[in-house]
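Everything below concerns the one structure shown next.
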Amino acid sequence: MIKNQLDDIEIVKPPINVLHIEDVPGDAKLIQLRLSEANQKCNIKIVDHLQLAIDLLKKHKFHVILLDLGLPDSQGLDTFNRLQESEKDTPIIILSGLADEERAIKSVSLGAQDYLAKSLIDTQLLIRTINHAIERHKLLSKIKEMEYEKFQTEIKNQFMTKATHELRTPLVSIKGYIDFILSGKLGSFHEKQRSSLAAVKRNTDRLIMLVNDILDIKRLETETNHLNYQLFDLKKTLDLCIEDMQPFLDDKNQNIETKITSDSLLIKGDETRISQTIINLLANAIKFSPENSKITICIHDLEDTIKFEVIDHGIGINEKNLKKVFDPFVEIKKPSYYSGSGLGLNICKHIIEAHGGSILAQSAGEGKGTTINFTLPKKRVVFSEI
Ligand SMILES: Nc1ncnc2c1ncn2[C@@H]1O[C@H](COP(=O)(O)OP(=O)(O)OP(=O)(O)O)[C@@H](O)[C@H]1O
Ligand SMILES: [Mg+2]
């Protein structure tokens, strides 16, 4: 992932625009001559005062700056510090005289890309140093950007986990009191009071479910060793999941057909997590399909993988949303009676990927049903040691 991001960095195409800050005309001329001999075309702009360079950099972009530390309006490390403070986006190479080599080395430790002793410069060395400086600077900027993004995501995650933890305790307590009141142990109440309390209970349950789902995702994301591997029969697990979902199937008069290629399918994995995935997929198929419809579940024992498929004849998913459905809190326009927080499939994706597998949504379009399948690699769930 990081490698891919770094691969995106473009290599600079000639001409290379060079700003040379130098007050000694002979030294400036020499660099100009060296660059004119290079086989990579360079445009060079020379200024003899630091302030002129700072003003110019506000208006023009350069690929690289060549800097002499001793200038009429600034001397030594101060020259480098002032330039770097006003211009962070351009790599700086120090061109040092014999007397200020030590300061040039110090500048590199403060952020200059490189330094060259003026007396040793030849064309090849100069052009190679310029190219390296540009590449290194880009690479470092990209790494800094990525680190910053990582830091921000971490802060967001920590906040989310802390906030959801803090929410959970009072919610569970509210639920306890509502259940207690609804049990009638505090006295009886009339029907309107009961139905209002029942609405409070329903919404509290939804909130608790949401908080639990968020905490679950955080756990799946952060704990690498969260799977509790055991040997189990996927076919039996599926039967138990169907049994759990039977009341919801009956509610909509939907029926399930199973197509399984072998009698038993012993696999190694986290049975609770795989059950959770199957239940999430079944719950979606039930929720997003009409009454009296059929849901088909197939398990294919293929050469390298076990493929698990849930096929429904419901509202379908249009093409541009097929990938999005696995993102957390995904919002696909749908009638309000399909309630849910949009975390179920994200949880499934985490679980299946933790088993080394992948999950995919397919649909011929809106109104044309949906197939969600996940595959588990046999070398992990069948042939591996637990
Ligand atoms: N079988 C399906 N048919 C049509 N759309 C689906 C199906 N499964 C998922 N989707 C779409 O993908 C979205 C994300 O699904 P997901 O299971 O993550 O969330 P949810 O069911 O809305 O809420 P939750 O599972 O958290 O209760 C759904 O809101 C729905 O728009
Ligand atoms: Mg769902």
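Below, the figures for the structure above:
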quantity	calculated
Total residues in region 38-56, condition among the charged types (D, E, K, R), open to solvent by 80 Å² or more (accessible area, probe 1.4 Å) and out of contact with any strand residue (DSSP E or B) (no Cβ under 6 Å at 6 or more places or on another chain)	1
Single condition N157 does not satisfy, out of (1) at pLDDT 90 or above; (2) surrounded by 12 or more Cβ atoms within 10 Å (Cβ to Cβ)	(1)
Region 342-381, subset in contact with an Asp or Glu (Cβ under 6 Å, 6 or more places away or on another chain) and part of a loop (DSSP other than H, G, I, E, B), residue nearest to ligand 2 (Cβ to nearest atom)	L343
Single match in L360, L343, L376 (criterion: among the hydrophobic types (A, V, I, L, M, F, W, C), open to solvent by less than 60 Å² (accessible area, probe 1.4 Å) and closer than 23 Å to K259 by Cα)	L376
Tally of residues being over 20 Å from K236 (Cα atoms), open to solvent by less than 60 Å² (accessible area, probe 1.4 Å) and either within 27 Å of the chain's Cα centre (by Cα) or within 16 Å of ligand 2 (Cβ to nearest atom) (or both) across region 286-308	3
Region 165-218, residues that are of a type in the set (G, A, S) and not in a helix (DSSP H, G or I)	S183, G184, G187, S188
Any chance L67 is modelled with pLDDT of 95 or more and within 41 Å of the chain's Cα centre (by Cα)	yes
Elements of type strands (runs of 3 or more DSSP E) contained in region 229-340, each with 2 or more residues being over 21 Å from A361 (Cβ atoms) and either more than 9 Å from ligand 1 (Cβ to nearest atom) or not aromatic (F, W, Y) (or both)	230-233, 255-260, 266-269
Boolean, D251 is open to solvent by 100 Å² or more (accessible area, probe 1.4 Å), free of Cβ contacts under 8 Å to residues at least 40 places away in the same chain, over 34 Å from the mean Cα position of the chain (by Cα) and over 28 Å from I178 (Cα atoms)	no
Residue within region 319-327 that is open to solvent by less than 30 Å² (accessible area, probe 1.4 Å), closer than 22 Å to L207 by Cα and hydrophobic (A, V, I, L, M, F, W, C) present	yes
Within region 169-196, considering residues that are within 41 Å of the chain's Cα centre (by Cα) and aliphatic (A, V, I, L, M), the one surrounded by the fewest Cβ atoms within 10 Å (Cβ to Cβ)	V172
Some residue of region 69-78 being under 23 Å from P14 (Cβ atoms), buried (at least 19 other Cβ atoms within 10 Å of the Cβ) and either of a type outside the set (F, W, Y) or touching a Phe, Trp or Tyr at 6+ places or on another chain (Cβ under 8 Å) (or both)	no
Cβ-Cβ under 9 Å pairs, at least 6 apart or on other chains, region 170-197 side at pLDDT below 95, far side among the aromatic types (F, W, Y) and open to solvent by less than 100 Å² (accessible area, probe 1.4 Å)	I181/F189; L186/F180; L197/F189
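The values are calculated or read from the model by the stated rules, or taken from the named source; none is laboratory data. Keep in mind that this is a model prediction, so the values were computed, not measured. With ideal geometry, Cβ positions are generated from the backbone for all residues, glycine too; neighbour counts draw on all protein chains shown. Surface accessibility is based on the protein's heavy atoms, side chains included, excluding ligands, DNA and RNA. Shrake-Rupley method; radii C 1.70, N 1.55, O 1.52, S 1.80 Å.
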